[in-house]
Amino acid sequence: MTHTRDHATSPVASVDTIRSAFPALGRIHANRPVGYFDAPGGTQVPAIVAEAVAQQMLRHNANAHWAFASSQELDEVIAASRSALSDFVGGRPDEIVFGPNMTTLTFHLARALGRTFEPGDEIIVTELDHMANVSPWQDLETESGIVARTVPLKPETGGLDWAILESSLSARTRLVAVTAASNALGTIVDLPRVQAMARSVGALLFVDAVHLAPHERIDVAAMGCDFLACSPYKFYGPHVGLLWGRNELLQEVLPPKLAPSPDTAPERWETGTLNHEGIAGAGAAVDFLADLADHGTRTERLDAVFAELSRRGDNLIARLREGLAGVPGVRLYGPLPGAPRTPTLSFTIEGYTPAEAAARLSSSSGLFLSHGNFYASSVTARLGVEPEGLLRAGCACYTSEEEVERLIEAVGRLA
């Protein structure tokens with residue numbers, strides 16, 4: 001990729017350069033180039049990632065761990081992707097577990113950990129979370145006699161009720177499951193604060209980083225977590241899931257597995273034949289992001305890229321929030337100005353359900369926004385907007401300032 005820069009001092013590719021990598025951005029709808037604001041539900045994919053998927057399927061298609069060439073090539077692809085994803089989260093390659101999606105991996109982990117818990121042990125979940133980080137743990141109440149305690153969302157701040165979180169901890173708390181960032185509201189959670197609370201009672205910490213991963217640099221050591229899950233299709237990759245776990249825990253905890261399958265981590269956690277082409281694409285997505293910077297190791301380039309993408313995202317969401325706040329009939333939800341957040345904003349428009357508003361913005365302006373509860377149904381229930389939910393605009397690395405202005409104007413015309 002030949003880089004142009006937004007600022008003379010920036011080592012990161014410009015938005016125009018980034019946009020040129022995404023074929024989907026050439027789509028025309030309603031006689032306008034499509035403005036993709038649906039990134040929190042899944043980002044668009046750069047051509048280089050699609051090529052990695054295609055090459056795995058067309059040139060190296062085999063199953064793993066056999067002696068012939070294409071099988072050995074697959075083994076190399078999987079190893080390279082584990083290395084890339086370990087750099088992405090700040091872990092080790094032998095701590096990277098692949099699976100169908102974050103939800104399935106979390107159910108798998110919950111079932112495995114549930115075997116180590118005793119009836120009456122407690123798990124803490126939150127109303128701020130996507131249900132993929134709630135239902136797997138709540139299911140242990142019927143499976144293992146575990147008690148799941150729920151920390152409420154504070155609608156006025158879009159954040160957790162910290163006092164209730166602290167009071168919910170006890171000597172019986174075995175795990176705290178929390179999101180790094182809300183996919184519905186964009187709230188970024190103070191994970192070091194959660195980690196300190198969990199450690200004070202000797203509990204494990206599981207982090208859902210699905211929504212944070214496209215926007216902020218993940219560092220499992222700085223987070224102090226024991227397990228973390230995310231989804232490469234939210235950061236420019238294909239539909240595949242990723243679980244990181246501390247190696248000693250992945251080795252110690254016995255997951256449900258087939259008898260002949262490997263006994264060592266991370267493969268002991270991977271059930272059945274994996275999505276090899278998805279794994280190839282996931283590694284390529286990390287390299288795409290790293291290659292947006294022009295020098296340094298992959299880790300150093302990812303550091304530089306996410307620092308810049310975070311800055312750009314902050315500017316975009318500040319302008320979007322400011323613009324929509326001035327439109328009569330628009331109600332905004334989530335963190336207040338100045339609070340940590342991802343470039344994601346949920347709102348409603350008086351006189352329209354979120355689905356109706358999304359359809360109008362698509363048909364009239366070529367703007368694609370998601371709507372509903374986004375599987376964060378406890379958020380929309382607490383906000384009192386069920387069953388219709390919210391209208392959600394999310395920015396990605398390819399979102400331009402012009403697209404944000406188009407959205408503000410289009411909502412103004414609609415309202």
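Derivation of every value follows stated rules applied to the coordinates shown; laboratory data play no part. The shown structure was predicted, so the numbers you read here are calculated from the model rather than taken from an experiment. Here the Cβ positions follow ideal geometry from the backbone for every residue, glycine too, while neighbour counts run over all protein chains shown.
For segment 51-290, what is the percent of antiparallel DSSP beta bridges, rounded to the nearest 5? Present the calculation step by step, with values, prior to reporting the outcome.
On the way: 11 of 27 bridges.
If I count the DSSP bridges inside segment 51-290, around 40 percent turn out antiparallel.
DSSP beta bridges in segment 67-207, what fraction antiparallel, as a percent rounded to 5?
On the way: 3 of 15 bridges.
Restricted to segment 67-207, the bridges split so that about 20 percent are antiparallel.
Hey, how much of the P(r) for segment 1-147 falls beyond 26 Å, as a percent of Cα pairs?
Of the Cα pairs, 54 percent sit more than 26 Å apart.
DSSP loop (so not H, G, I, E, B), at most 11 other Cβ within 10 Å: list which GluC sites (Glu not before Pro) in segment 324-399 pass both filters.
350
Once you put a point 7 Å from the Cα of residue 172 and another 7 Å from the Cα of residue 311, both along the Cβ direction, what distance in nm separates them?
The answer from the label model is 5.1 nm.
Roughly speaking, what is the centre-to-centre gap between segment 282-328 and segment 58-126 when only Cα atoms are used, to the nearest Å?
Result: 26 Å between the Cα centres.
With a/c under 1.5 counting as rounded, go ahead and sort the chain into rounded, prolate or oblate using the C-alpha gyration tensor (a ≥ b ≥ c being the square roots of the eigenvalues; past the cut-off, prolate if a/b is larger than b/c, else oblate). Write down the numbers at each step before the final one.
Working: a/c = 1.79, a/b = 1.14, b/c = 1.58.
Taking the square roots of the gyration eigenvalues as a ≥ b ≥ c, the chain is oblate.
Could you list which residues have their amide H under 5 Å from that of residue 35, counting only those 5 or more apart in sequence or on another chain, with H placed in the peptide plane?
Under 5 Å from the amide H of residue 35: 367, 368.
Using Cα pairs closer than 8 Å and at least 6 residues apart in sequence, work out the relative contact order for the chain, in percent.
23 percent
Which value, to two decimals, describes the C-alpha radius of gyration of segment 51-290 once divided by 2.2 N^0.38 Å?
Taking the Cα Rg and dividing by 2.2 N^0.38 Å, one obtains 1.02.
As an exercise, identify the chymotrypsin sites (Phe, Trp or Tyr not before Pro) in segment 51-117 lying in DSSP coil whose Cβ has no more than 14 other Cβ atoms within 10 Å. Walk me through the numbers on the way to the answer.
On the way: sites: 66, 68, 88, 98, 107, 117; in loops: 66, 68, 117.
Answer in residue order: 66, 68.
Going by a ≥ b ≥ c, the root eigenvalues of the Cα gyration tensor, does segment 107-171 fall in the rounded group (a/c under 1.5), the prolate group (a/b larger than b/c) or the oblate group?
Judged from the Cα gyration tensor, segment 107-171 comes out oblate (a/c at least 1.5, b/c at or above a/b).
Shape call for segment 175-227 from the C-alpha gyration tensor, a ≥ b ≥ c root eigenvalues: rounded (a/c under 1.5), prolate (a/b greater than b/c) or oblate?
Working: a/c = 2.18, a/b = 1.72, b/c = 1.27.
Since a/c reaches 1.5 and a/b is larger than b/c, the shape of segment 175-227 is classed as prolate.
Note down the nm distance, to one decimal, between modelled labels 7 Å out along Cα→Cβ at residue 142 and at residue 319.
4.9 nm
What share of the DSSP beta bridges in the chain is antiparallel, in percent to the nearest 5?
Bridges in the chain that DSSP calls antiparallel: roughly 60 percent.
Can you compute the modelled spin-label distance between residue 200 and residue 14, with each label point 7 Å from Cα toward Cβ, in nm?
Each label point is offset 7 Å from its Cα along the Cβ direction, giving 5.0 nm.
Check each of the trypsin sites (Lys or Arg not before Pro) in segment 76-163 and keep only those in coil by DSSP with at most 16 other C-beta atoms within 10 angstrom; list them in order.
115
For segment 51-290, what does the relative contact order come out to in percent, with C-alpha contacts under 8 Å and a separation of six or more?
26 percent.
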